[in-house]
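Accompanying notes for the structure given below.
Each value in this text was obtained by applying a stated rule to the coordinates, not by laboratory testing. All of these numbers come straight from a predicted model, not from anything done at the bench. Note that each Cβ is placed from the backbone with ideal geometry, even for glycine, and that neighbours are counted across all protein chains shown.
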Amino acid sequence: MSGVLVVLEERGGRIGRPGWEAAAAAPQLAGPEFIAAAVVGAKTEALAAEAASGPFAKVLRVEHPLLAPYTADGFKLALEQLIRAESPDFVVFPHTYQVRDYAPALAARFGQALVSDVVGIEPGPVFVRQLMQGRLAGSYRPQSHPCFVSVQAGSFRAEHPEAQAGASAAIAVFTPVLAPEQIRTRPSEPFRGSAKGVDLSAAQRIVSVGRGIRDAANLPIAQELASAMGAELAASRPICDLGWLPMERQVGSSGQTVAPKLYLAAGISGAIQHLVGIKGSQCIVAINKDPEAPIFEVADYGIVGDLFELLPAITEAVKSAV
Amino acid sequence: MKIAVAIKQVPDRDSQVRIGPSGRWIDEADLQYAMNEPDAYALEEALLLKEKHGGEVIVVCAGPERVGITIREALAKGADRAIHVVCDDLEGRDALGVARLLAEAIRPENPDLVLTGLQSEDLGLGQTGVIMAELLGLPHSTLILQVEKTDTGLKVKRELEEGWFQSIELPTPALLTIQSGGNKLRYATLLGIKRAKTKEVRTVAAADLGAETSPTVLLERVALPQKQKSTQFLSGSPKEAAAALVEKLRFEVRVL
């Protein structure tokens, strides 16, 4: 085959949204008859049946007992064999933690570098991804094939699988050759961190702070605004890394994904890892001293200025209005 | 334990980045640089492991002469020695090309453990560590928050998505990419800064590593990102801007 191979990812027994989004990027690289999907695991029948409802010409079940649980070694070796057999021009992945764990090594086995975290595809194809924490966009042109690409969550609108009702791709089984000694890591069952004390995903209003708050001692000005608005207090990753707020209040790809009516980001520059966590917000307000901060690219309202003056002023305005 | 830590020098996050005259890279004039923060966490993990189990920490950094400052910073924090891969065209290499340089510089050292940050703050490709593991033939794991030495190798805590974690056991030698936030970063002490001046920094020319290849993907243009929304900016004094914002939130978007 030439064309595109989309590597879907399982989430809780089903094809996860990130995989469907990767599938949504594929039509920009080839016609529908040249797009195949792969599902990988020890038991893939149900996943393949679900995938067959998607926009694919065929679905490949990459199945082997050693492919559960996930390991980088297992997935890398199995997909290498599949790609050598199928010879796609493009291999498209969702940019998940799992893909980040094995896809760069898989690409390296083909002498290729993965174009990771792609947010757009232009004719050529040229792959667009963010640079400098979202301050710039870079256009990458592949020089040879197979070309490996991972797409950022939310960058391509996922086709709703149900909307494809009636569509049914051909399903084939691919059995890779794997030996137990090739799997060098031994993963445990996943476990949750500390009991989740706050469910930010259900919050209607969120006041969120980033590095601009400068010191843990300054957090009360954000807490006061949150209290006045009836909002939850949250933060970007660095604030939680520093221990200024508990990890459970972290918003972004490594923390919680939120969808409030109002998301007020103060002193957050807007790295992509943060922005993917707030995309579902109805109204985003950004307060930042840097007028070029990438947070303003997604904000509905922006105020360029000093948050140490602005937050107390907004708190006062809310108190006197509501 | 002999530990190699690959670190990168990146533009300081508070410095203004501008597009360079070629339109293919940023303008490096007047930029301030700093150690990539995830790499600082990797270095911290290496120093903690050395303090606990003994051994040696070697930092490896590729880039032009200016990265010497970042190397000295790592030595001042406690690394024992450094390898500087001298390379003036780092931005013209893809992730595979950069990982090849670092892997070839590390290979003759035969370390028990190779650490690096999970991604860089400038390019954010998040691949260097995983590719190095592949090139060096090492088992690896990514997004690691804790590292524990066991009788047979390592037990690590890996971050998964949405607040989940996982422990992974792997034999050594191994490679880990370190997630930020697992430890508290140390500052260099005055004594450390003084000692760093006498520590060994070996320079290797990129061309002498036998790792030269042409890139498989070319960064052909950098541009300002396209705005996803038209932002309405509110101006005036803090008090005026605050009043205008609350007005909008109450009566236009009705979220207050």
#### Entry: For chain A, with +1 on Lys and Arg beta carbons and -1 on Asp and Glu, the positive-most of A:Gly243, A:Gly212, A:Leu29 along the dipole
A:Gly243
### Task
Indicate the gyration tensor shape class of the stretch A:4-182 (rounded, prolate or oblate), computed on the Cα atoms with a ≥ b ≥ c the square roots of the eigenvalues: a/c under 1.5 is rounded; otherwise a/b larger than b/c is prolate and the rest oblate.
oblate
### Query
Under a GNM of chain A (C-alpha, springs under 10 Å), which listed residue has the highest mean-square fluctuation: A:Ala48, A:Ala158, A:Ala25?
A:Ala158
#### Entry: In the stretch B:1-74, chymotrypsin sites (Phe, Trp or Tyr not before Pro) in a DSSP loop with at most 10 other beta-carbon atoms within 10 Å
none
### Task
Any chance you could tell me what percent of the C-alpha pair distances in the stretch A:57-124 go past 21 Å?
27
### Task
Take every DSSP beta bridge whose two residues both sit in chain A, then give the antiparallel share in percent to the nearest 5.
20
### Message
Using only the alpha-carbon atoms, what does chain B span along each of its principal axes? Please give whole angstrom values in decreasing order.
### Response
65, 43, 41
### Query
What average number of partner chain Cβ atoms lie no more than 10 Å from the Cβ of the residues making up B:165-178?
3
### Summary
Mean separation of Cα contacts under 8 Å (at least 6 apart) over the residue count of the stretch A:1-124, i.e. the relative contact order in percent, is 28
### Task
Mind telling me which of B:Leu31, B:Leu102, B:Leu191 comes out most flexible in a GNM of chain B, alpha-carbon contacts under 10 Å?
B:Leu191
### Query
Gap in Å between the Cα centre of the stretch A:49-63 and the Cα centre of the stretch A:208-254?
43
### Message
Can you tally the net charge around A:Phe75? Count Lys and Arg as +1, Asp and Glu as -1, for every other residue whose Cβ sits under 11 Å from the Cβ of A:Phe75.
### Response
-3
### Query
B:Asp94: net charge of surrounding residues, Cβ under 13 Å, Lys/Arg +1, Asp/Glu -1, itself excluded?
0
### Message
Tell me the mean residue ellipticity at 222 nm calculated for the protein assembly as shown from its helices only (DSSP H runs of n ≥ 4, each -39500 (n - 2.57), averaged over every residue, nearest 500).
### Response
-7500 deg cm²/dmol
### Query
Within a Cβ distance under 11 Å of A:Val285, other residues only, what is the Lys/Arg minus Asp/Glu net charge?
+1
### Message
If the elastic network links every pair of Cα atoms under 10 Å, which of A:Arg135, A:Arg205, A:Arg184 fluctuates the most in the Gaussian network model of chain A?
### Response
A:Arg184
#### Entry: the stretch B:46-60 and the stretch A:100-122: distance between their alpha carbon centers, rounded to Å
31
#### Entry: For the protein assembly as shown, alpha-carbon Rg over 2.2 N^0.38 Å
0.97
### Message
How large is the direction-averaged shadow of the alpha-carbon convex hull of chain A, in nm²?
### Response
17.9
### Query
Which one of A:Gly277, B:Gly55, A:Ala137 is farthest out on the positive end of the charge dipole of the protein assembly as shown, using unit charges on Cβ (Lys, Arg +1; Asp, Glu -1) and the Cα centre as origin?
B:Gly55
### Viscosity 0.890 mPa s, temperature 25 °C, Stokes-Einstein D of the stretch A:1-93 from Kirkwood C-alpha radius, µm²/s
189
